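Heads up, the thing below is written out as structure tokens.
The values are calculated or read from the model by the stated rules, or taken from the named source; none is laboratory data. None of the values given here were measured: they were computed from a predicted structure. As a convention, Cβ positions derive from the backbone with ideal geometry for all residues, glycine included, and neighbour counts pool all protein chains shown.
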Amino acid sequence: MSQSPSLHVKTEQAGDVAVVQCCGRIVREEALHLLKNAVTSLPRMRLIVLDLSGVEMLDCGGIGMLVSLQCWTRNNGIQLRLVNPSNFAREMFERTGLTCVLDISSVDDAVDVLCKSDSTTENVNRLAN
């Protein structure tokens, strides 16, 4: 687990999927760099799920970093999903109009994507054999 005084980040990986759990405050320079490094230092992933359920505070720098990470992942052929944002984070996304820019999902939506991609991969593997 990586942390700054205001943000704790825990990363788990399974195959080409990573879950990055954020707890605390996505504010100020140190926390922003921690989040950026947690995402951009992952080995080649197909999907990165950013769990925002533990986010207590999100300032304009944090919002800017999430948009920047969305652009970075898209440019690198990686899907980024923001999952289960806290009430505060969801309100910030709605107030800034970013709900139409960022891929924001519930936990159930993210699980559906993972299940569908796993079954698609299994079906492709069966056809190849």
Q) Of all residues in the range 76-110 being among the charged types (D, E, K, R) and modelled with pLDDT of 90 or more, which is farthest from Val17 (Cα to Cα)? A) Arg95
**Q.** Residue list for the range 20-33, restricted to those being surrounded by 16 or more Cβ atoms within 10 Å (Cβ to Cβ) and closer than 21 Å to Asn75 by Cβ
**A.** Val20, Leu32
Q. Mind checking which residues of the range 1-16 are at pLDDT below 95, within 24 Å of Asn76 (Cα to Cα) and surrounded by 14 or more Cβ atoms within 10 Å (Cβ to Cβ)?
A. Ser2, Asp16
Q | Residue under evaluation Val27, criteria (1) within 11 Å of the chain's Cα centre (by Cα); (2) at pLDDT below 95; (3) β-branched (Val, Ile, Thr), criterion not met | A | (1)
Q: Among the residues of the range 44-95, write down those that are part of a helix (DSSP H, G or I), surrounded by fewer than 17 Cβ atoms within 10 Å (Cβ to Cβ) and of a type in the set (Gly, Ala, Ser).
A: Gly61, Gly64, Ser68
Q | Close pairs (9 angstrom Cβ cut-off, 6 or more residues apart or separate chains): in contact (Cβ under 8 Å) with a residue 12 or more places away in the chain in the range 55-74, of a type in the set (Asp, Glu) anywhere | A | Gly61/Glu29; Gln70/Asp103
Q | Flag for Val39 being in contact with a Phe, Trp or Tyr (Cβ under 9 Å, 6 or more places away or on another chain), under 14 Å from Ser6 (Cβ atoms), at pLDDT 95 or above and not polar (S, T, N, Q) | A | no
